[in-house]
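Nothing in this text is a laboratory measurement; each read-out follows from the coordinates by a stated rule. What you see is a predicted model; the values in this text were computed from it and never measured. Cβ placement follows ideal geometry from the backbone for every residue including glycine, while neighbour counts extend to all protein chains displayed.
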There are 2 protein chains.
Amino acid sequence: MLSETGDLAKSPRRKSQAITIETVARVAGVSAMTVSNVLNNSKPVREATREAVMRAVRDLNYTPNLAAKALAGADTTRIGLLLSRDDFSFISSVLGGAVEATSALGAQLMTRRLGHQSHDEVLAAAQDVVVAGANALVLPGLYAGILQEELRNGLIDVPVVAASVGDEIEGIWSIRIDDEAAAYDMTTSLIALGHRRVGFLRAEEKHLVHKTRFAGYARALAEAGLALDPSLVVTSPLSFDSGIAAADAFLDRTDRPTAIFASNDDTASAIVAMAHKRGLRVPDDLSVAGFDDSPLALRMWPRLSSVRQPVTEIARKATELAISLARLSGETPAHRTDIIDHTIVMRESTAPLAEGLVCA
Amino acid sequence: MLSETGDLAKSPRRKSQAITIETVARVAGVSAMTVSNVLNNSKPVREATREAVMRAVRDLNYTPNLAAKALAGADTTRIGLLLSRDDFSFISSVLGGAVEATSALGAQLMTRRLGHQSHDEVLAAAQDVVVAGANALVLPGLYAGILQEELRNGLIDVPVVAASVGDEIEGIWSIRIDDEAAAYDMTTSLIALGHRRVGFLRAEEKHLVHKTRFAGYARALAEAGLALDPSLVVTSPLSFDSGIAAADAFLDRTDRPTAIFASNDDTASAIVAMAHKRGLRVPDDLSVAGFDDSPLALRMWPRLSSVRQPVTEIARKATELAISLARLSGETPAHRTDIIDHTIVMRESTAPLAEGLVCA
DNA sequence: CTGAAAGCGCTTACAG
DNA sequence: CTGAAAGCGCTTACAG
């Protein structure tokens, strides 16, 4: 999805009043060329000059005219973005954020769609988009996780920013929520409802959330003085179909958990479906919570409690960062992570544990 | 104007030999300005001249440089697009197609997001985007249906193209599938599976598909020699929540239908959920089919049979049409409709009627 | 480290 | 109906 504010486009062209590079140059007391050099880092500029220019730019609120840049033959900044072909909710938000950023900053977006998500395919796609001219890459968490070896070893030739990556990856930039804290918060919410046996559907190792979301779950149990029962933790791919299979592991047992926290909404939804198949009532017999607050959460019955991450915002920030890294010449700044706030959304799929079931 | 003029000859920067308006002008034996006038319909041009120019354009496969156009102050073509805030699957596809078209043809996309879909809000949004400068509008079917009065009466000041509108609207252009035929095909498929009591969840009147999809359903029954039982037709909003309510009307009766065909996937999914709640098995006790083949269809259990329309393609074509209409000066061509092919996708939510239930 | 000048490919007054 | 010229706001050789 694109901008929530509604406008994908720029306002109608205002010619006369526009502030040009000439204006900036005059105010800063330099030539237009020097302004250009400062802005594009294209040639070394004396520090005092650079500061004067930047001050003028800021004071005048100057924005370069993209058409003129393009016509004059400037190298366009190209941002490569890998997208999954399936993950509809996530990718439309990611795409929206990325488009916002690229169109605001005058960069070009190059997307690659991936069908499977094998290591080789992801690596090939990343390399392909770099060869095709991308100056920086934005990798949604899953792909960053899959390529973590390559990323750590600097095998990708351009700056990489991971969006919603679920955990730190040394050697790249990232914008994400604190997955550990988010999982802790949701687990704590379930415990607060009276649940003592809380199952956890854990992502596979290739997802970095494998570690962080599980850690949050474990910490919440520990703080509540509950033992972590390893048989209540089921590792599974995060697709709906895999969730169907994983549901058996939770439900085919006499000492079923009273609540299950799944690492995404697709699998949570699958667990609800299988619970219904067995004649269990949700949330009366079983509470279920997911992660992502995808559109699916409101298109199932009962509606799903979930953890929301502001994906569009994360993608926008990641893309903005990728653009500035791509435009940098000279030394690159140190890698860092920006943490964005998450939200816990409780709906009808979770409820206080029925009286009789509460363990004393 | 040949290159002997010295200045031109020793141009410091010769980029790739892109074909410019100069080239076209030379080949056509006219000035660049005349080429520009022909291409933009900006001034009257003699027919012979126009033809010579167009031939050169075609022969050289000339495409105008958008950056130069913009810089030179050409009026940008702005296409307004109204989008629903909820309908995630549909809008991401619509948006994708619209972005494809606008970026390929150098137009600018202006989107407006609608929360509710009241007549007044939709009309206000359409007017707003026109006031903001849109030269043509692309309206997803629902909105075109809501505004049909205004559209028929020519109350919108710019050309309007409806995408997936579900039925003809006099006075505007449209790109859509044949909803009647699509509903006919799906109903016929259900009948072919042995079903004799096929329920139909019908859209509200404000959706134009209210008429066409119902007509296709009715025709299929008629051709199969089946009576249309009005009590098996339930009219409902197309949201998941409304589908939950509508499901009762189908299922709270002794002579339940053996199959239900819902006018979209959200409501079909709600019917499946309510069937499960009642302990009915899908498809063993009840077959369910939807319309749209949205991502939801693969994220429910069992997977949903549905009618697929190529939304991205439809949106792209609609946007292309809107762009050419916006760029036209002088008389506008007659309204027309382009019909795009649909696909029937059968999955596990539908199955041959169990032996015992087939009426002789 | 800094600047004057040419030019990117188009369109828009302005003249015929 | 058609064209010569100026100029949109940048960047890129080239020259200090």
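Points worth noting:
- For the protein assembly as shown, share of DSSP beta bridges that run antiparallel, in % to the nearest 5: 10 percent
- Per-residue extension of 0.36 nm, minus the Cα-Cα distance of residue A:332 and residue A:285, leaves a gain of 11.5 nm for this segment.
- Placed amide H near residue A:261: partners under 5 Å, 5+ positions off or other chain: A:199, A:200, A:201, A:289
- Beta bridges by DSSP in chain B, antiparallel share as percent, to the nearest 5: 10 percent
- If you take all other residues with their beta carbon under 12 Å from the beta carbon of residue B:279, and give Lys and Arg +1 and Asp and Glu -1, the sum is +4.
- Helix B:209-223 axis, angle to chain B major axis (alpha carbon atoms, nearest 10°): 50 degrees
- Simple spin-label estimate for residue A:155 and residue A:113 in nanometres, 7 Å along Cα-Cβ: 2.8 nm
- If you plug the beta carbon distance of residue A:49 and residue A:185 into 1/(1 + (r/R0)^6) with R0 = 45 Å, you get a FRET efficiency near 0.35.
- Fewest neighbouring Cβ atoms within 10 Å first, the residues A:102, B:312 line up as B:312, A:102.
- Listed from fewest to most Cβ neighbours within 10 Å, the set B:178, B:338 follows the order B:338, B:178.
- Cα-based helix-to-principal-axis angle, A:119-131 vs chain A, degrees rounded to 10: 10 degrees
- Loop sites in region A:184-244: GluC sites (Glu not before Pro), DSSP, at most 15 other Cβ within 10 Å: A:204, A:205
- Scattering from region B:198-260 was approximated by placing one identical point on each alpha carbon and applying the Debye formula without solvent; log10 I(q)/I(0) at 0.15, 0.29 1/Å stands at -0.46, -1.30.
- Point-charge dipole on Cβ atoms (K/R +1, D/E -1) for region A:234-360, about Cα centre, debye to 20: 160 debye
- Derived scalar couplings ³J(HN,Hα) [region A:161-167; Karplus, 6.51 cos²θ - 1.76 cosθ + 1.60; whole Hz; x for Gly, Pro]: 10, 8, 10, 6, 7, x, 6
- Relative pair counts by distance (%), Cα atoms of the protein assembly as shown, 10 Å bins: 3, 13, 20, 22, 20, 13, 7, 3, 1, 0
- If R0 is taken as 51 Å, the Cβ-Cβ distance between residue B:23 and residue A:170 corresponds to a FRET efficiency of 0.45.
- Nearest-first distances (nm) between copies at residue A:223, label 7 Å from Cα via Cβ: 6.3
- Label points for residue A:128 are taken 7 Å from Cα along Cα→Cβ. From this copy to the others they lie 4.0 nm apart, shortest first.
- Three-way shape label, region B:21-71, alpha-carbon gyration tensor, a/c 1.5: oblate
- Rounded to the nearest 20, the size of the Cβ-charge dipole of chain A about its Cα centre is 1260 debye, with Lys and Arg at +1 and Asp and Glu at -1.
- Separation of the residue B:61 and residue B:229 label points, Cα + 7 Å toward Cβ, nm: 6.1 nm
- Here region A:154-215 is treated with +1 on each Lys and Arg Cβ and -1 on each Asp and Glu Cβ, and its dipole about the Cα centre works out to around 440 debye.
- When residue A:31 is represented by a point 7 angstrom out along its Cα-to-C-beta vector, the spacings to that point in the other copies are 3.4 nm, nearest first.
- As a proxy for reagent exposure, ranking A:23, B:319, B:188, A:258 by other Cβ atoms within 10 Å from fewest up yields A:23, B:188, A:258, B:319.
- Gyration tensor over alpha-carbon atoms, chain B, equivalent ellipsoid semi-axes in Å: 51, 20, 18
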